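Working notes, beginning with the structure itself.
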Amino acid sequence: MRAFLALVAGLWATAATATEADTLSVKVTYLRVETPEPPTLSNLEARPEDLGRAGAELGLADNATTGSFLGQTYALETVSVPEGESPLDAARAALVASPYLVIDAPADALTAIADLPEAQAALLFNATAEDDALRSEGCRANLLHTAASLSMRSDALMQFFAMRRWAEIAMIEGPRPEDTAFAAALRASATKFGLEIGAEKSWAFYADMRRNASAEVPLFTQELGDYDALLVADETHDFGRYVEFNTWLPRPVTGSEGLVPVAWAPVIEQWGAAQLQSRFTEAAGRPMAPEDYAAWAAIRTLGEAVTRTSTTDPAAIRAYVLGDSFELAGFKGRPMSFRPWNGQLRQPIALAHARALVATAPLEGFLHQVNELDTLGIDAPESACAAFGG
C-alpha cells in the first residue's frame, strides 16, 4: 500500500508540472494478417475472434490510467487484412496514421512490413510469431518482439528436464511446419543443456482419434521403448490431446500438450497476475492467452517508455526501450527488458498444465553472467542478428 501511495503521489507531482503544451498523444495500430486455420481432429477450442487484440485493448486501458495523470492520451485502431490479401497496403496506410504497429502476422509478412520504406522510422512489435530466425539472421532493427521465441519455450522445458534428471527423452513430431519448427527447437535446447532426445516418431494417423486413440496410440508409442518423458510437437493442437494417458508406458507428456512451456497461462496467479487475469476476463469474457499477453506487453512497453522519456518520437522510444534503464513489470516475478542485440523481450516462461503452474523458468541453478533470463532463447554470443549493431 505504501508503494502504491508513493506511486500515486509521484504521478500527481509530475502532473502538477505539466501544461497543455506538454500533452502527448500516442496512436497505435493493431494489425492482424488473417491466416487459414488448419483442420484439426477436434473443434473444442476455436480461436477467439479477439485473440491478441483484447490484450492490446487492456494495455491501452492501463496506459490511459497512468496517462490521465500525466497529460497523455492513447488511441488504438484495429486493422485486419483478409486471408490471401497482401498486408503491405494496409501497413502503409497504418504507418501514415502512426509510427507504432503491434502486429499479428506470420514471419514472412512481418519482415515484408518491416522492410517497407515507410516503416524505417517506425517501431513495430511482433506479438505472435515465434520463429527464431526473426531474432537471429532475419532480424530487423525496427522490429521488437514481445512474443516469446520457440527457443525460449524449448529452453524452459529442457531446464526442467535437466533439473528433474529426465535424461531419457522420446518425441512424437507432427506433420505441419509449426510442428517441425518446434521439434527442431526442442532438439537444439536438449543439446544446449546436455540432454539428448533419443527415440523419435512422426505422427502417422489421419483417422478419427476420438474413436481410435485408446487402441492405436499405445501400440504407436510402444515402439519408442523406455523413456523418462515424452515430448509432443503438435503446435496446432491437433493430435497431442489423444496421446496423453494413452501411451504404452505411464510417462509424463510434455511439449505442446500436458506440461507446456508458455509465455502466459490462466493458472499463473502469483506476483499480481491474478489481478491482471481478472481484469482481462472481465473485459474480454475469456482467459488471457499468450497472444493477448504479448500484445498487452507491447502496448505497455510504449506507455512505460512515453512516461519515462516524455516524448512520442519513435527513435527516442526505441533507444530508451533497448537501454539499461527500461523495465517492464510483467506480473511474472521478474522485471522484463529488451535484449539490445535482437529486440527480444526478456521474460520468464511458465511450465504449466491445464490446472496449475508447475514451475517458472529460468529455474534455480541456471545462471548467467548478466541476466538469468538470458538462459532462455538466443543469447548475445549465439546471435546472428546484425541489424542491432551488436
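The values are calculated or read from the model by the stated rules, or taken from the named source; none is laboratory data. Values in this document were obtained by computation on a predicted structure and should not be read as measured data. Note that we place each Cβ from the backbone using ideal geometry, even for glycine, and neighbour counts take in every protein chain shown. Accessible surface areas use protein heavy atoms only, side chains included; no ligands, DNA or RNA. Shrake-Rupley method; radii C 1.70, N 1.55, O 1.52, S 1.80 Å.
Residues that are part of a helix (DSSP H, G or I), in contact (Cβ under 8 Å) with a residue 12 or more places away in the chain and within 22 Å of Arg47 (Cβ to Cβ) within the stretch 92-112 comprise Ala107, Ala109, Leu110, listed in sequence order.
Screening Tyr74 on (1) open to solvent by less than 60 Å² (accessible area, probe 1.4 Å); (2) within 25 Å of Ile113 (Cα to Cα); (3) of a type outside the set (A, V, I, L, M, F, W, C); (4) assigned to a helix (DSSP H, G or I) shows it passes everything except condition (4). Of all residues in the stretch 62-71, those being closer than 15 Å to Thr301 by Cα and open to solvent by less than 50 Å² (accessible area, probe 1.4 Å) number 5. Here is a list: Leu351, Leu357. Which entry is buried (at least 16 other Cβ atoms within 10 Å of the Cβ), more than 16 Å from the chain's Cα centre (by Cα) and part of a strand (DSSP E or B)? Answer to the check: Leu357. The listed residues are Phe338, Phe388, and the only one of them that is over 22 Å from Ala162 (Cα atoms) and over 17 Å from the mean Cα position of the chain (by Cα) turns out to be Phe388.
If you go through the stretch 224-263 and keep only what is of a type in the set (S, T, N, Q), open to solvent by less than 10 Å² (accessible area, probe 1.4 Å) and touching an Asp or Glu at 6+ places or on another chain (Cβ under 7 Å), you end up with just Ser256.
Exactly one residue out of Val102, Val79, Val96 is touching a Phe, Trp or Tyr at 6+ places or on another chain (Cβ under 8 Å), of a type outside the set (Ser, Thr, Tyr) and over 29 Å from Gln275 (Cβ atoms): that is Val79. When restricted to residues that are open to solvent by 20 Å² or more (accessible area, probe 1.4 Å) and under 17 Å from the mean Cα position of the chain (by Cα), the stretch 264-278 contains 2. Listed by first and then second residue, the pairs linking a residue in the stretch 375-388 that is surrounded by fewer than 19 Cβ atoms within 10 Å (Cβ to Cβ) to a residue that is at pLDDT below 95, with Cβ atoms under 7 Å apart and 6 or more places separating them unless they lie on different chains, are Ala380/Gly390.
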